[in-house]
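Working notes, beginning with the structure itself.
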Amino acid sequence: MMQMSKMSPEDKRKQKRNIIVMITLGLLIIISFVMSMNTGFIRLSPLDTLRTLFGGGTAKEELILFDFRLPRIVISVLIGAGLAVSGCIMQGISRNALADPGILGINAGAGLVVLLFVAYFPTTGAAPVFLLPVLAWIGAGVTAALIFSLSYKRHKGLLPTRLLLTGVAVAAGISSATIVLTLRISPEKYQFVATWMAGSIWGTNWKFVLALLPFIIVLLPFVFYKARTMNVLNLGEITATGLGAQVSREQVVLLAAAVGLAGSCVAVSGGIGFVGLIGPHVARRLVGPKHQVLLPASALTGSLMVILADMLGRLIMQPSEIPAGIIVAIIGAPYFLYLLARSRA
């Protein structure tokens, strides 16, 4: 109560507005969740969906809802939150508004390791499902370490322009390696690789939800806990050091968390880009730059983006599907060019 009484009227207004924004985003996610359950080649009316949820549906309706749609929708929510928070972390620690795990090549590094495993090892059974996020984390970690080491300059920290250029170059190299890999695999696995690279949410059963959930449950609260530290890091390396922050250690810890989120999400979602770029930017416009509210708002915005993109992809060209990554890219690519032009200005 004493803390509330010390707040200025302007701060109170901002806090109230941020609460309203969070509640609105949450309601939009719930509405999209319900709509997505009714969307697909075989339509289930809202009444059929409600009846099936409470155990009154037919065997066919239960199969469609519980075995196909619900796992896919839950995964959409999780990967949207994970990718958006990962992008928010990278933008914060690098002080680069264009930083994003997809643009910097971290998603590509995670994907390359996943594709190597899928191409040369059997993927049947439960073990590979739970191994994929770990492999993706390793690939993302190695890629991130390479990019950030090449972008770091002593006494100056991470250089935003060099970070972006290095990331684009590394991403191009990994993409070339991925193309070479696709030429050496069977036609059946090539079809999977092509769909995966387009950003299709291919992990659509509860095993993939269980494989992804530990990363989200552990890393998201940890990152939210580090929100104040990220506010200090945004002030610059010299100022943050003067305030007592261990800049290098905190950057490594936060980068590891961002890589863990991005890598685990890529393992089940494929190459969905721009979520880590657009989500934090939209959230920053809605709630401001303080990470105590920016990080949760980014998670909600990212979840809403991916669930809407997946739903539209299943709705536009029935009975075929457009991968969610393509829907996000249609919006994200022009927005990236807009941000690039504004940064030049």
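Bear in mind these aren't lab numbers, they're just calculated from the coordinates by the rules spelled out. Computed from a predicted structure; not experimentally measured. Every residue, glycine as well, gets a Cβ built from its backbone with ideal geometry; the counts of neighbours run over all protein chains shown.
When the chain is treated as a GNM with alpha-carbon contacts under 10 Å, the residue of 186, 248, 94 showing the greatest mean-square fluctuation is 186. Comparing 56, 40, 111 in a Gaussian network model of the chain (Cα springs below 10 Å), the most mobile by mean-square fluctuation is 56.
Would you be so kind as to identify all helices of the chain, as entire DSSP H runs, whose Cα atoms reach 20 Å or more along the helix's own axis and whose mean Kyte-Doolittle hydropathy is at least -0.5?
On the way: long enough: 9-37 (42 Å, 0.56); 70-94 (36 Å, 1.64); 106-120 (22 Å, 2.07); 127-151 (36 Å, 1.92); 160-182 (33 Å, 1.42); 206-225 (28 Å, 2.21); 247-269 (32 Å, 1.45); 291-316 (37 Å, 1.30); 324-344 (30 Å, 1.37).
Helices meeting the criterion: 9-37, 70-94, 106-120, 127-151, 160-182, 206-225, 247-269, 291-316, 324-344.
Note down the relative contact order for the range 2-344 as a percent, whole number, built from C-alpha pairs under 8 angstrom at least six residues apart.
Values: 520 pairs, mean separation 104.6, N = 343.
Relative contact order of the range 2-344: 31 percent.
Counting only Cβ charges, +1 for Lys and Arg and -1 for Asp and Glu, the dipole size of the chain around its Cα centre is about 1120 debye. Normalised radius of gyration (Cα atoms, divided by 2.2 N^0.38 Å) for the chain: 1.01. Exposed loop sites here are trypsin sites (Lys or Arg not before Pro) assigned a DSSP state other than H, G, I, E or B and surrounded by at most 11 other beta carbons within 10 Å; excluding them, the longest clear run of the chain is 185-345. The range 167-217 and the range 230-306 have Cα centres separated by 23 Å.
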